[in-house]
Amino acid sequence: MNRSIDATPVSGDVSPLGSDLDSDSSSLLSSPLRAPAPSPAASSSAAAGVPLSAELLAKIERLDARLAAIDARHARVKFASSLAAEDMLLTHAILSRKLGIVIFSLNTGRLHAETVGMFDRVRERYGYEIEQWHPDAAAVEAYVKGNGVNAFYESVDLRKSCCGIRKVEPLNHALAGVEAWVTGQRREQSVTRTELHEEEHDDARGIEKYNPLAEWTETEVWAYLHHFDVPVNPLHARGYPSIGCEPCTRAIRPGEDSRAGRWWWESRDSKECGLHITIVPAEAQSSTLPSA
C-alpha cells in the first residue's frame, strides 16, 4: 500500500504552511462575486441515473485502453492528481482496473479543507493511500519572511515564486526517477490549453507526459462521474470548476471559462502555475524517492 510521502526531511505537514491560512487572505484582495455559473455538479439535469451515450461509452473504452497501454509501456509511471473532477475520473479509471500507475498529489499547505478531505474519501472508497508531497519548510518560511504571507497578490513574479516553492519543486521530486506522468488536463479548460496533445514529451524532465482527457468536454467528465458514482470535491457544487490553493481560487461568474477563478487578479494568458511549463533543476532530476 502506498503511504504519504514528504519531499522534505520534515515528517507530517510543514508548520509554516497551515499557519499562513489566515482570515487576511480573503480580505487582502477581494473580487466581488455574483451567483456562480451553474455547473454539472449542481445541476438538477445532471447525468445521475442517465444511460451513457454510445459516443461516450466508446470514449471511455478508449480511455481505459489508453491507460492500460501507458501502464504496460512504462515500468514507473505516476498520475498527478489535484483531487478535482477530471482527476477523480482518472483516479476511478486507474484504481477500478488495478493499474500500476501511482497516484500522487501536491499538498501545498494552503488547500481548501474540502480538498484535503478528498484524501480520506479516496481511501474509504478505493482502499488506496494517495502519495502526498509537501513543499520545503525552509523555502516557505524564507518566502513568507521576505515577502509576506500573501505576497502572491502583488505581482505575477511573486505568485509564480510561491507556486514554484509550493507546487513545482515538490512535483519535481515526486517525478524523479519515473519514465512518464499522467495529467487530467483538457483543451476546453482555458486559452492556455487549447493546443494540448494527448501525448507529449516533457522536455524539462526528459520523460513522457500523457493527457488522456485532452479531448473530453466538461459535460462528458460529469456524465462519467455521476454514472460511476465517483467521489467529487464538494467545492464543485459551489461554483468552483477548477480548484487550487484556497487564497488563489474563487467561484466563477456566469460565462467565464473553467479556470477563470484561478489567480483571478491576473490576465487570462498567465493562468498557469508552472507545473506544465518549467525548467527542472539538475539536483531535482537526479534525486531519488525518499523512503516511505
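The values are calculated or read from the model by the stated rules, or taken from the named source; none is laboratory data. From a predicted model like this one, the values you see are computed outputs, not experimental measurements. Neighbour counts run over all protein chains shown; Cβ positions are idealised from the backbone, glycine included. With ligands, DNA and RNA removed, areas are computed over all heavy atoms of the protein, side chains included. Shrake-Rupley method; radii C 1.70, N 1.55, O 1.52, S 1.80 Å.
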With Rh as the Kirkwood radius over Cα pairs, the range 79-121 has Rg/Rh of 0.97
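Of K98/K167; K78/K145; K145/K167, which pairs sit farther than 22 Å apart, going by alpha carbon to alpha carbon? If you can, show how the numbers build up before the last one.
Details: K98/K167 27 Å; K78/K145 34 Å; K145/K167 19 Å.
K98/K167; K78/K145, as the Cα separations exceed 22 Å there.
From the Cα gyration tensor of the range 153-264, with a ≥ b ≥ c the square roots of its eigenvalues, which class applies: rounded if a/c is under 1.5, or else prolate if a/b is larger than b/c, or else oblate? Before the final figure, lay out each step's value.
Values: a/c = 1.71, a/b = 1.13, b/c = 1.52.
It is oblate, given that a/c is not under 1.5 and a/b is not larger than b/c.
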Expected field for R205, accessible surface area in Å² at 1.4 Å probe radius, rounded to 10, holds 30 Å²
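Rounded, prolate or oblate: which one fits the range 63-172, using the alpha carbon gyration tensor with axes a ≥ b ≥ c (rounded when a/c is under 1.5, else prolate when a/b beats b/c, else oblate)?
Values: a/c = 2.69, a/b = 2.05, b/c = 1.31.
It is prolate, given that a/c is not under 1.5 and a/b is the larger ratio.
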Rounded to one decimal in nm, the spacing of the 7 Å Cα→Cβ label points at H197 and D64 is 2.8 nm
Note, the range 143-155: 3J(HN,Hα) by Karplus (6.51, -1.76, 1.60, θ = phi - 60°), whole Hz, Gly/Pro = x, goes 5, 5, 5, x, 10, x, 4, 10, 5, 4, 6, 7, 6
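Just check the range 150-215 against the gyration tensor rule for me: Cα atoms, a ≥ b ≥ c as the square roots of the eigenvalues, rounded for a/c under 1.5, and otherwise prolate or oblate depending on whether a/b exceeds b/c.
Values: a/c = 2.77, a/b = 1.31, b/c = 2.11.
Oblate is the answer for the range 150-215, as a/c is 1.5 or above yet b/c matches or exceeds a/b.
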